[in-house]
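Quick notes on the structure that follows.
The values are calculated or read from the model by the stated rules, or taken from the named source; none is laboratory data. Note that the structure is predicted; figures quoted are calculated from it, not measured. Cβ coordinates were reconstructed from backbone atoms using ideal geometry, including for glycine residues, and neighbour counts include every protein chain displayed. These area figures cover heavy atoms from the full protein model, side chains too; ligands, DNA and RNA do not enter into them. Shrake-Rupley method; radii C 1.70, N 1.55, O 1.52, S 1.80 Å.
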Amino acid sequence: MEVILLERVEKLGQMGQVVKVRPGFARNYLLPQKKAMRATKANMAFFEKQKAHLEAVNLERRKDAEQVATKMNDVTVVVIRQAGETGVLYGSVTPRDVADALDAAGYKVDRKQVSIETPIKTLGLFKLRVVLHPEVSISVTVNVARSQEEAELQLSRGGMVTAADLRDDDEDEIEEAPEAAEAEVSEEG
């Protein structure tokens with residue numbers, strides 16, 4: 001089936017191109033999302049009449065997306081989730097979770113704009129792509145942790161913190177505390 005693209009579609013083509021796609025892809029994705037229309041003679045003539053208007057609208061949306069991209073550059077958001085001792089999540093982080101976290105941080109993003117290549121099923125820091133416009137995308141860091149304190153620790157370490165790491169840190173603090181108390185006593189005496 002041949003369609004005329006009404007906007008740039010990644011790995012398919014630019015606006016105005018006539019491309020051949022599978023019927024299911026056109027019927028289930030491109031046509032309902034208004035990203036393309038069937039390549040008939042009537043639609044080709046209609047597209048030629050509307051081309052200047054469509055390009056102007058696309059250019060305006062792209063400018064808006066680029067402005068938002070400059071504000072959102074290198075944003076880090078925290079997603080709090082329950083996890084086991086080894087850092088494996090009870091469930092996974094979805095595009096909706098990331099969109100909600102970005103919304104809470106003051107950035108309006110739809111879940112359809114968040115691109116998760118591989119499922120997030122562990123604690124840690126993850127780089128995700130947010131597509132603000134078909135021609136503008138940015139990278140966002142998602143910090144998946146059990147608590148806000150753990151998220152800050154992961155950010156400072158640059159990676160996942162397991163329950164064993166937290167226990168080790170607590171033991172180190174306990175061992176340092178008696179030594180500090182002994183040092184204070186020896187200074188007084």
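Scanning region 115-148 for residues that are among the β-branched types (Val, Ile, Thr), closer than 18 Å to Asp64 by Cα and either outside any strand (DSSP E or B) or open to solvent by 10 Å² or more (accessible area, probe 1.4 Å) (or both) gives Val131, Val136, Ile138. For region 98-107, residues that are touching a helix residue (DSSP H, G or I) at 6+ places or on another chain (Cβ under 8 Å) and assigned to a loop (DSSP other than H, G, I, E, B) total 1.
Is it the case, given these coordinates, that Val88 is touching a Ser or Thr at 6+ places or on another chain (Cβ under 8 Å), open to solvent by 70 Å² or more (accessible area, probe 1.4 Å) and of a type in the set (A, V, I, L, M)? Yes, satisfied.
Residue check: is Ala65 touching a His at 6+ places or on another chain (Cβ under 7 Å), of a type outside the set (Val, Ile, Thr) and open to solvent by less than 40 Å² (accessible area, probe 1.4 Å)? Before the answer, list the steps.
Working: touching a His at 6+ places or on another chain (Cβ under 7 Å): yes; of a type outside the set (Val, Ile, Thr): yes; open to solvent by less than 40 Å² (accessible area, probe 1.4 Å): yes.
Yes: the conditions hold for Ala65.
Listed by first and then second residue, the pairs linking a residue in region 69-95 that is within 25 Å of Tyr107 (Cβ to Cβ) and free of Cβ contacts under 8 Å to residues at least 40 places away in the same chain to a residue that is outside any helix (DSSP H, G or I) and open to solvent by 60 Å² or more (accessible area, probe 1.4 Å), with Cβ atoms under 7 Å apart and 6 or more places separating them unless they lie on different chains, are Ser92/Pro119; Ser92/Lys121.
Selection over region 91-105 of residues that are open to solvent by 60 Å² or more (accessible area, probe 1.4 Å) and within 18 Å of Ala65 (Cβ to Cβ) gives a count of 1. Taken over region 5-55, the criterion of being open to solvent by 60 Å² or more (accessible area, probe 1.4 Å), touching a residue at least 12 places away in the same chain (Cβ under 8 Å) and either in contact with a helix residue (DSSP H, G or I) (Cβ under 6 Å, 6 or more places away or on another chain) or not basic (Lys, Arg) (or both) is satisfied by Glu10, Gln17, Val18, Pro23, Met44, Glu55.
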